[in-house]
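Student: Here's a structure for you.
The numbers here are math on the coordinates, done by the rules we state, and not lab data. The structure presented is a predicted model; accordingly, all values stated were derived computationally and were not measured. Here the Cβ positions follow ideal geometry from the backbone for every residue, glycine too, while neighbour counts run over all protein chains shown.
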Amino acid sequence: MWFPIGPAQPTDVWMQDTRVPLDVVWIRDGRVTGVVTLQPCTSDPCPRESSPGAVDAILEAPAGTFAGTKPGTVITIDNN
């Protein structure tokens, strides 16, 4: 799932009622700034994971999708 954020800003994600682990990719200006794998959460409140600075997008995918992806990796989004 793609989440554009504008303007770029620090942001948090959490896994409330999520059923599967997810990779969260933090993005700024088309480059990865960080990747974290988060586990489902059933507590209330769920812990929050903060971005590594200001970001302008978040990409979420099944856990392991972005294994080995490093900060600085270029992300290209095809709007078609």
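Student: If I go through region 69-80 residue by residue, how many of them are in a loop (DSSP other than H, G, I, E, B) and of a type in the set (A, V, I, L, M)?
Tutor: Quick first cut of region 69-80, residues in a loop (DSSP other than H, G, I, E, B) only: 69-73, 75-80.
After this cut, where a residue has to be of a type in the set (A, V, I, L, M) as well, the list is 75, 77.
The qualifying residues number 2.
Student: If you scan region 4-57, which residues turn out to be basic (K, R), free of Cβ contacts under 8 Å to residues at least 24 places away in the same chain and assigned to a strand (DSSP E or B)? If you could, list the steps in order and put the result at the bottom.
Tutor: The first filter runs over region 4-57 and keeps only residues basic (K, R), leaving 19, 28, 31, 48.
Still in the list and also free of Cβ contacts under 8 Å to residues at least 24 places away in the same chain: 19.
Within region 4-57, no residue meets the criteria.
Student: Quick check on F66: is it part of a loop (DSSP other than H, G, I, E, B) and touching an Asp or Glu at 6+ places or on another chain (Cβ under 9 Å)? Before the answer, list the steps.
Tutor: Details: part of a loop (DSSP other than H, G, I, E, B): yes; touching an Asp or Glu at 6+ places or on another chain (Cβ under 9 Å): yes.
Yes: the conditions hold for F66.
Student: Let me ask something else. Name, by its number, the condition in (1) among the aliphatic types (A, V, I, L, M); (2) surrounded by 11 or more Cβ atoms within 10 Å (Cβ to Cβ); (3) assigned to a loop (DSSP other than H, G, I, E, B) that does not hold for A61.
Tutor: For A61, the exception is condition (3).
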